[in-house]
Every structure is written in C-alpha cells, then in structure tokens.
Amino acid sequence: MVTFLLILWKASYLYLQVSLDCFKQTHCRLQIVNRNDGTKVKPLVRRHDEYELYGVCTQKYEPKVCPRCGAPLHRNGSITTTLRHIPLGDSYSLVEADRPRFRCSCQGCEYSEVGSIPFKAQGHLITEPLRLYTEALLAYGMTLKEVAHITGLHKCVVKDIDKARLEGLYVTIDKDGKKTLIKPEHQARFIGIDEFNLHDGHKYATVILDMESGCILWLQTGKKKQVVYDFIEHVGLEWMSKVEGINQKIKTIRKKIYEIPDDEYFFLKLFDVSRQKWKAQIE
C-alpha cells in the first residue's frame, strides 16, 4: 500500500515538471531534510519531505565563437545545476539539470562558458515558476517568514524577490540608473511631514503623506530641510501650488520590523501598505 501511494506521488510530481521548458526528466528521488524554521538563537528544526528531480537541459545551443580570440567553441562536458522549484503540497522540491559546458578550441586561449537554463530565475538559484509563485504569495499579504516556510527558500531570498516586486510597482529608473519613487497618483490637499528613527538607532528618515487618504508620498533618509526640497522637486511646483495645508507633527507612522534591516525595502513596504489601505477604502 505504501509503495502504491509513493508511485502516485511520484507520478503527479512527474506531471508537474512537464511545464518546465527545455527540461527532460530522467528520474526522481524522495528524501527527508531538516530545516530550521526558527532563528540561530531559538532554533526550531522540523523535518520536511523533499523531492529531487534529475534531468537534462534540452535547449538547443547555436554554434558559438570565442569572444576573446574568435575561435569556435567546442563542447567540453557538462555541469549540474540545482534549482529550488515550487513545492508539491507540503513537500519541497528541487530540480537538478545537466547543461553543456563549452571551451575555446584555441590552444593558447582558456576561455570557457556554460550554457544557460531557460527556466532559471534571474539572480537566484530557483526556477522561474517558483519566483512567480513567491511573488503571488507576497502580493496576497503573507509575511517573509510564512512565504519562506511554504516555499523552502531562505527569508533573505524571499525579501529580495519582494523588493524587486515592489520596485517594479513603485520605483522608476532614469537613464543614469538612479532610482526614484513614483510620483503621486492623485493630488493631495493636505500633507503631513514628520520623521521617525530607523531600526532602533540614531538614524532617522522623513515621511511625507496625504493626510486625507493616508498614502505615503515620499520617504527619504535624514530629517533636514533638503528632504522637503527633494520632494518639491519630485512633484513639481504646480502640484505643490494646489496643496492647501501642511502639518509637521502627524505622528501616524509607526515603525514595523520586517525582520531584515534594509532601509530601501522598509520604505517600499510602507509605501505599499499605505496604498493597499487607500485602495481598500475607495473600493
């Protein structure tokens, strides 16, 4: 009976992996892994099932030439890459794929490169479906710890994925690569300005928000007048001319720890939370 159930699990897992482009599975293995769902100070070790899928990357690679000397690149074995994939129920999963390695045919040149994996998420050793799944959980409102427990990822990886998601929503990048918060979506009549300390230290930040909707309009480290000047430059004089009043003692922002002391990420989370509340009110 146990063997029969295991075959069913493996079969469903095999069917799940067909969605990966250019991946041909060869075999599957189930193992038990220990994971610390707590902290280093207060560890909470739990046992989890983890499926490992082994296969090869079937992507076709066009003939290449060496970027250094121009000689053709020849196939030189393969390299195995392990990527974390979307979980199957409460079991984690990994994908191990062999991809080709190329080496310059010129004897005096030692250049080599490895073929790309089409289903790998950029910047992380995870699959693209897992990145999209993680983003969906974060957009639903789950915390970093909850998402890390569901996906099997480290919370630092989850934070990086969430930060990239929020930057895509609320950050613009100019031609020089400078990041700036998006301009206000609506005209504010009354704005509030106040400062708060970051991470229980002596570092401060200034927040400017719409007093009526509660939307945060600007966040910047420091508590000097230059922060206000930067905000005025950001929104423009025409936008500021329609502001009817300014309150400098709002005391409505309360710092919430998001587990990792990343100021940019903390600002983006505050920016996002304020807008989610505003959207809920108008709906």
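Throughout, read-outs are computed from the coordinates displayed, never taken from laboratory work. Because the structure is predicted, anything quoted here is derived from the model rather than measured. Cβ placement follows ideal geometry from the backbone for every residue including glycine, while neighbour counts extend to all protein chains displayed.
Here are a few things to note about the model shown:
- In order along region 206-214, the phi-based Karplus estimate (6.51 cos²θ - 1.76 cosθ + 1.60, θ = phi - 60°) of 3J(HN,Hα) comes to 10, 10, 10, 9, 7, 5, 7, 8, x Hz; Gly and Pro are listed as x.
- Charges were assigned to the Cβ only: +1 to each Lys and Arg, -1 to each Asp and Glu. The resulting dipole of region 13-164 about its Cα centre is roughly 360 debye.
- Over all pairs of different C-alpha atoms, region 84-129 has a mean inverse distance whose reciprocal, the Kirkwood radius, equals 13.0 Å.
- Given 24/120; 120/159; 120/183; 183/203, the pairs whose alpha carbons are separated by over 22 Å: 120/183; 183/203
- A straight Cα-to-Cα reach below 19 Å connects residue 223 with the aspartates and glutamates 194, 195, 200, 210, 233, 262, 263, 264, residues fewer than 8 places away in its own chain not being considered.
- Count Lys and Arg as plus one, Asp and Glu as minus one, and take only other residues whose Cβ is under 12 Å from that of residue 142; the net charge is then -1.
- Karplus-derived 3J(HN,Hα) values for region 264-269, using 6.51 cos²θ - 1.76 cosθ + 1.60 with θ = phi - 60°, are 4, 5, 4, 5, 5, 5 Hz; glycine and proline are entered as x.
- Other residues lying with their Cβ under 15 Å from the Cβ of residue 64 contribute a combined charge of +4, Lys and Arg counting +1, Asp and Glu -1.
- Neighbours of residue 161 by Cβ distance under 9 Å: Lys/Arg scored +1, Asp/Glu scored -1, total +1.
- Whole-number Å³ per residue for the convex hull built on Cα positions in region 13-164: 146
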